[in-house]
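Have a look at the structure below, then the notes.
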Ligand code: PLP
């Protein structure tokens, strides 16, 4: 067996895992279609809603954070939909690449790496093109260490223009203030290996009523990340596919 010595891990994620979590993850495997899993996933989902500060639906996906971001896109948008996205780093760029891969029509706002996004530029784009349906933003740009002004961007996207708001919160949720309901963020995706201090392999996403409304007509291709299926199976205490159970027990 590969022997790995304890490390003083100083990456932005995966973060070190506390000893009691390592221990809890060593519990015997359970049947993911059985009553213990039903109890586990419902409890974890309820507790995650507290961390997200939301009453919206919330799903635990077996994926890295990118899975949650893909789920946000493909469940609410259609090819050709106009979207405005601001970026000032590699994760902002990747979110845009993903949206383009699924056929979104991007208005791309590039800012200098190391600088925050200017919310006024988003406001201007929304003024210039009333057909824009959604705003995409990375809350904390891990590649530069800069936190973007999400609260203000959300106010513009939601209160001023009433658009759908998709947030990459992979390195912010649990680390920075992000009250999902108070800021009215429609889709917020994050991952287990950063602020939550559990291993990689779980992604978490919150989904507002407005996002479900968009989902009814969204036609981007989806299968593994179909949130309607996730909702249906969660009601009976399960996930559509085999879940990554140990980090849940942790
Ligand atoms: N977005 C941000 C801001 C990130 O920091 C990361 C990972 O570091 C990702 C997206 C991608 O997440 P993952 O590697 O879990 O898919």
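The values are calculated or read from the model by the stated rules, or taken from the named source; none is laboratory data. In this text the structure is predicted, and so the values were computed from the model without any measurement. Because the Cβ atoms are built from the backbone with ideal geometry, glycine has one as well, and the counts that use them run over all protein chains shown.
Tell me the residue from 154, 211, 134 that is surrounded by 18 or more Cβ atoms within 10 Å (Cβ to Cβ) and under 15 Å from the mean Cα position of the chain (by Cα), please.
211
Listed residues 122, 96; which is crowded, with 18+ Cβ neighbours inside 10 Å and within 15 Å of the ligand (Cβ to nearest atom)?
Step by step, each of 122, 96 is checked, and only 96 is crowded, with 18+ Cβ neighbours inside 10 Å and within 15 Å of the ligand (Cβ to nearest atom).
Looking at (1) farther than 22 Å from residue 47 by Cβ; (2) part of a helix (DSSP H, G or I), which is the one condition that is false for residue 211?
Residue 211 satisfies all of (1) farther than 22 Å from residue 47 by Cβ; (2) part of a helix (DSSP H, G or I) except (1).
Does any residue in the stretch 57-75 that is in contact (Cβ under 8 Å) with a residue 60 or more places away in the chain and under 10 Å from residue 98 (Cα atoms) come within less than 6 Å, Cβ to Cβ, of a residue that is assigned to a helix (DSSP H, G or I) and away from the ligand (no atom under 12 Å from the Cβ) six or more places away or on a different chain, and which pairs are these?
If the second residue must be assigned to a helix (DSSP H, G or I) and away from the ligand (no atom under 12 Å from the Cβ), the pairs left are 73/99.
Only one residue in 221, 199, 177 is under 30 Å from residue 8 (Cβ atoms), at pLDDT 95 or above and out of contact with any strand residue (DSSP E or B) (no Cβ under 8 Å at 6 or more places or on another chain). Which one?
Going through 221, 199, 177 in turn, just one is under 30 Å from residue 8 (Cβ atoms), at pLDDT 95 or above and out of contact with any strand residue (DSSP E or B) (no Cβ under 8 Å at 6 or more places or on another chain): 177.
Could you run through the stretch 4-21 and say how many residues are more than 15 Å from the ligand (Cβ to nearest atom) and within 23 Å of the chain's Cα centre (by Cα)?
3
Within the bounds of the stretch 231-247, is there any residue that is over 20 Å from residue 137 (Cβ atoms), in contact with a helix residue (DSSP H, G or I) (Cβ under 9 Å, 6 or more places away or on another chain) and within 16 Å of the ligand (Cβ to nearest atom)?
Scanning the stretch 231-247 turns up at least one residue that is over 20 Å from residue 137 (Cβ atoms), in contact with a helix residue (DSSP H, G or I) (Cβ under 9 Å, 6 or more places away or on another chain) and within 16 Å of the ligand (Cβ to nearest atom).
Yes or no, residue by residue, for (1) more than 13 Å from the ligand (Cβ to nearest atom); (2) part of a strand (DSSP E or B):
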site	(1), (2)
60	yes, yes
66	no, no
84	yes, yes
103	yes, no
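Give the residues of the stretch 224-243 that are in a loop (DSSP other than H, G, I, E, B) and either under 18 Å from residue 134 (Cα atoms) or touching a strand residue (DSSP E or B) at 6+ places or on another chain (Cβ under 9 Å) (or both), sorted by residue number.
Answer for the stretch 224-243, where residues must be in a loop (DSSP other than H, G, I, E, B) and either under 18 Å from residue 134 (Cα atoms) or touching a strand residue (DSSP E or B) at 6+ places or on another chain (Cβ under 9 Å) (or both): 224, 225, 239, 241, 242, 243.
Identify, from the list 80, 89, 34, 13, the residue that is farther than 20 Å from residue 212 by Cβ, surrounded by 18 or more Cβ atoms within 10 Å (Cβ to Cβ) and without any contact (Cβ under 8 Å) to a residue 60 or more places away in the chain.
Answer to the check: 89.
Do we find a residue being over 29 Å from residue 23 (Cβ atoms), touching a residue at least 60 places away in the same chain (Cβ under 8 Å), within 16 Å of the ligand (Cβ to nearest atom) and within 19 Å of the chain's Cα centre (by Cα) anywhere in the stretch 190-203?
No, there is no match, as no residue in the stretch 190-203 is over 29 Å from residue 23 (Cβ atoms), touching a residue at least 60 places away in the same chain (Cβ under 8 Å), within 16 Å of the ligand (Cβ to nearest atom) and within 19 Å of the chain's Cα centre (by Cα).
State which residue pairs qualify: first residue touching a residue at least 60 places away in the same chain (Cβ under 8 Å) and farther than 17 Å from residue 82 by Cβ and inside the stretch 156-177, second residue within 12 Å of the ligand (Cβ to nearest atom) and assigned to a helix (DSSP H, G or I) in any location, beta carbons under 6 Å apart, and separation of 6 or more residues or different chains.
Sorted first by the residue in the stretch 156-177, then by its partner, the pairs are 168/69; 168/95; 170/65.
Specify the residue that is nearest to the ligand (Cβ to nearest atom); the eligible residues are those in the stretch 140-187 that are under 16 Å from residue 99 (Cβ atoms) and part of a strand (DSSP E or B).
The selected residue is 168.
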